[in-house]
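The values are calculated or read from the model by the stated rules, or taken from the named source; none is laboratory data. As the structure is a computational prediction, the values presented were derived from the model and not from experiment. When we count neighbours, we look across all protein chains shown, and the Cβ atoms used for this are built from the backbone with ideal geometry, even at glycine.
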Amino acid sequence: MLKKFILGLMMFSVIFLTACSKKQEKSDLLTSIKKRGELVVGVKYDSKPFGYVENGKLQGYDIDIAHLLAKRILGNEKLVRFVEVNASNRISKLYAGDVDMLVATMTVTPQRQEVVDFSVPYFYAGQAIMIRKGTSIKTVGDLNGRRVIIILGTTGEKNLRYFAPEAILQGYKNYQEGFNGMLNRKAEALTTDDSIIAGFIMDHPEFTMLPQRYSQDGYAVAFRKEPESQSLKYEVNAAIGELRRKGYLNYLKGQWLPAASNNFKKSK
Ligand code: GLU
């Protein structure tokens, strides 16, 4: 009886593994994208200057990167379709198959590397604190005991819990709501990447960013952790390497994070 059961289990495993490997051969994502003639990318719509809508146009650093990747993969930068994601739903949208990959201000962290595969980094950002000008907050430690806005699911949320454990956190689902909280004086500070704070300060000079950075990490393109996505990841890595060598990543930084944000320049 036990022998039969073990034999059955082994046969089932062989059939299952064969089916899986056939599926991998058939559904390599890069091949499917080429057949389909369209790259589907999850991007932010609320994270100026990376992915945001202004005058009805979706634009930003991440949007440009996605167009450049479409050009490399499909020979035409226009062959890209954008799907809106935010910090809390981007991984679930990736795994639901809504997008081929994410170019969404996503910081590489060891915890996320357990769940998704990352490309090589294409940008570096530091965790910073935004305050209304004239507020007495000077460092991350000063946030203890004060109301601070974080965007749920971000590295800013996690880092703040570590660096200012007594801070009174107010979590928002997206940047629009978080920045509105600051405009409406719901909290004394907001913490996230310096690159995103810089985008907000460009339009709202009554706010400023403290010079301290309490972590520095890379943004990378995220893929489903599966064999089918590997060739797409290699292609994206090669493209990012080339963009870096040719100085194009620096050019994009100059375009989207201009001298308007002196605070941001200081951090680099
Ligand atoms: N880069 C940070 C993160 O991945 C914050 C920016 C974002 O909301 O995506 O959590």
The correct count of residues that are within 16 Å of the ligand (Cβ to nearest atom) and either at positive phi or in a helix (DSSP H, G or I) (or both) in the stretch 145-189 is 18
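Inspect all residues belonging to the stretch 139-148 and state whether any of them is basic (K, R) and surrounded by fewer than 15 Cβ atoms within 10 Å (Cβ to Cβ). Explain how you work it out, then say what you get.
Let us first name the residues in the stretch 139-148 that are basic (K, R), namely 146-147.
With surrounded by fewer than 15 Cβ atoms within 10 Å (Cβ to Cβ) added as a condition, the list becomes none.
No: zero hits.
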By residue number, the members of the stretch 28-81 that are within 16 Å of the ligand (Cβ to nearest atom) and among the hydroxyl-bearing types (S, T, Y) are Y45, S47, Y52, Y61
Condition set outside any helix (DSSP H, G or I) and without any contact (Cβ under 8 Å) to a residue 40 or more places away in the chain, scope the stretch 106-144, selection nearest to the ligand (Cβ to nearest atom): answer is E114
I196 vs (1) surrounded by fewer than 17 Cβ atoms within 10 Å (Cβ to Cβ); (2) in contact with a Pro (Cβ under 9 Å, 6 or more places away or on another chain); (3) closer than 15 Å to M130 by Cα; (4) not polar (S, T, N, Q): all pass except (1)
Margin query: Within the stretch 166-186, does at least one residue satisfy the condition of being crowded, with 16+ Cβ neighbours inside 10 Å, aliphatic (A, V, I, L, M) and closer than 23 Å to L102 by Cβ?
Written below: no
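Counting just the residues of the stretch 209-247 that are of a type in the set (F, W, Y) and within 16 Å of the ligand (Cβ to nearest atom), which one comes out nearest to T154 (Cα to Cα)?
Of the stretch 209-247, the ones of a type in the set (F, W, Y) are 214, 219, 223, 234.
With within 16 Å of the ligand (Cβ to nearest atom) added as a condition, the list becomes 214, 219, 223.
Working: Y214: 14, Y219: 12, F223: 18 Å.
Among those that are of a type in the set (F, W, Y) and within 16 Å of the ligand (Cβ to nearest atom), it is Y219.
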K233 fails exactly one of (1) in a helix (DSSP H, G or I); (2) surrounded by fewer than 20 Cβ atoms within 10 Å (Cβ to Cβ); (3) modelled with pLDDT of 95 or more; (4) of a type outside the set (S, T, Y), namely (2)
Listed by first then second residue, the pairs whose first member lies in the stretch 145-172 and is under 16 Å from S215 (Cα atoms) and touching a residue at least 12 places away in the same chain (Cβ under 8 Å), whose partner is of a type in the set (G, A, S) and part of a helix (DSSP H, G or I), with beta carbons under 8 Å and at least 6 positions apart or on separate chains, are I150/G156; I150/G178; F163/G141; A164/G141
Within the stretch 173-204, residues at pLDDT below 95, farther than 20 Å from Y124 by Cβ and of a type outside the set (D, E) come out as K173, N174, Q176
